[in-house]
Amino acid sequence: MSTIESPRVSVLLSADAIAARVAALGAQLSEDYRGRDVVLVCILKGSLVFFADLLRAVTIPTRCDYLAVESYEGTSSSGEVRFTADLRGAIEGRDVLLVEDIVDTGLTMAYLLEALSARKPSSIEVVTLLDKPSRRRTPVSLRYVGFEIPDAFVVGYGLDYEQYFRNLPFVGVLEEVPSLG
Ligand code: 5GP
């Protein structure tokens with residue numbers, strides 16, 4: 001039986017593989033955004049671990065901000081996106097880079113891109129650790145992608161199931177829904 005204490009999780013991306021890819025993304029961003037007024041936006045809560053690592057792999061001056069959205073219940077998208085915390089700073093005239101954990105149906109990112117574009121940033125782009133292109137329901141342009149993954153529910157490295165497993169150092173596939181009781 002799969003439980004919170006001993007879940008049935010198989011490793012999809014090891015901590016080492018993630019670290020190498022995050023270092024490469026940080027180097028690429030630093031090159032692409034050199035000399036620009038960039039704000040890295042952490043999309044809470046899922047991207048908090050990726051954000052912390054990516055931020056330290058960026059070598060140019062950068063500002064940080066945070067927002068929170070909710071769209072998932074359990075292991076499936078509710079299809080409805082809710083802003084639960086907004087940015088603290090203005091983004092007009094700035095180069096915004098949204099840092100996301102995973103793009104699945106694309107509904108969350110499409111909503112965010114539309115909502116934030118209305119605030120007139122100089123540019124707005126997305127960096128996502130994971131991309132599940134087979135599940136897309138709306139097209140979204142993802143400038144930087146860490147890994148394309150198959151259609152499976154993944155946890156770890158910031159991604160949760162019912163708020164658990166964000167602390168796993170790797171990304172794994174939840175093979176069986178764990179009992180919470
Ligand atoms: P979308 O709106 O693209 O369907 O979903 C985006 C959000 O759903 C992500 O930010 C993430 O919070 C959640 N999500 C999508 N797929 C997964 C998954 O495989 N595992 C986990 N833990 N969350 C997911």
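The values are calculated or read from the model by the stated rules, or taken from the named source; none is laboratory data. As the structure is a prediction and not an experimental result, all values here were calculated from the model. Reconstructed Cβ throughout: ideal geometry from the backbone, glycine too, with neighbour counts over all protein chains shown. Surface areas here come from the heavy atoms of the whole protein model, side chains and all, with no ligands, DNA or RNA. Shrake-Rupley method; radii C 1.70, N 1.55, O 1.52, S 1.80 Å.
Determine which member of the set S6, S2, S117 is among the hydroxyl-bearing types (S, T, Y) and either open to solvent by less than 50 Å² (accessible area, probe 1.4 Å) or within 15 Å of the ligand (Cβ to nearest atom) (or both).
Selected residue: S2, the only one of S6, S2, S117 that is among the hydroxyl-bearing types (S, T, Y) and either open to solvent by less than 50 Å² (accessible area, probe 1.4 Å) or within 15 Å of the ligand (Cβ to nearest atom) (or both).
Being more than 24 Å from Y157 (Cβ to Cβ) and open to solvent by 20 Å² or more (accessible area, probe 1.4 Å): is that true of D32 here?
no
Of all residues in the range 61-84, which are modelled with pLDDT of 95 or more, open to solvent by 30 Å² or more (accessible area, probe 1.4 Å) and within 16 Å of the ligand (Cβ to nearest atom)?
If the condition is that a residue be modelled with pLDDT of 95 or more, open to solvent by 30 Å² or more (accessible area, probe 1.4 Å) and within 16 Å of the ligand (Cβ to nearest atom), then Y66 is the only one that fits.
For the range 122-145, which positions are aliphatic (A, V, I, L, M) and assigned to a strand (DSSP E or B)?
Hits for the range 122-145 are I124, V126, V127, L129, L130, V145.
Might you let me know whether the range 122-133 holds any residue that is at pLDDT below 95 and open to solvent by 60 Å² or more (accessible area, probe 1.4 Å)?
No, there is no match, as no residue in the range 122-133 is at pLDDT below 95 and open to solvent by 60 Å² or more (accessible area, probe 1.4 Å).
Out of the range 148-181, which residues are part of a strand (DSSP E or B) and either of a type in the set (V, I, T) or more than 12 Å from the ligand (Cβ to nearest atom) (or both)?
Across the range 148-181, the qualifying residues are E148, V154, V155, V171, V173, S179.
If L142 satisfies all but one of (1) aliphatic (A, V, I, L, M); (2) within 21 Å of E31 (Cα to Cα); (3) without any contact (Cβ under 8 Å) to a residue 12 or more places away in the chain, what's the number of the condition it fails?
(3)
Considering only residues that are surrounded by fewer than 16 Cβ atoms within 10 Å (Cβ to Cβ) and near the ligand (Cβ under 10 Å from one of its atoms), which ones fall in the range 137-147?
R137, T138
State the number of residues belonging to the range 86-102 that are assigned to a strand (DSSP E or B) and more than 14 Å from the ligand (Cβ to nearest atom).
Residues meeting the conditions: 3.
If you take the residues of the range 103-114 that are over 14 Å from E70 (Cβ atoms) and open to solvent by 20 Å² or more (accessible area, probe 1.4 Å), which of them is nearest to the ligand (Cβ to nearest atom)?
The residue in question is A110.
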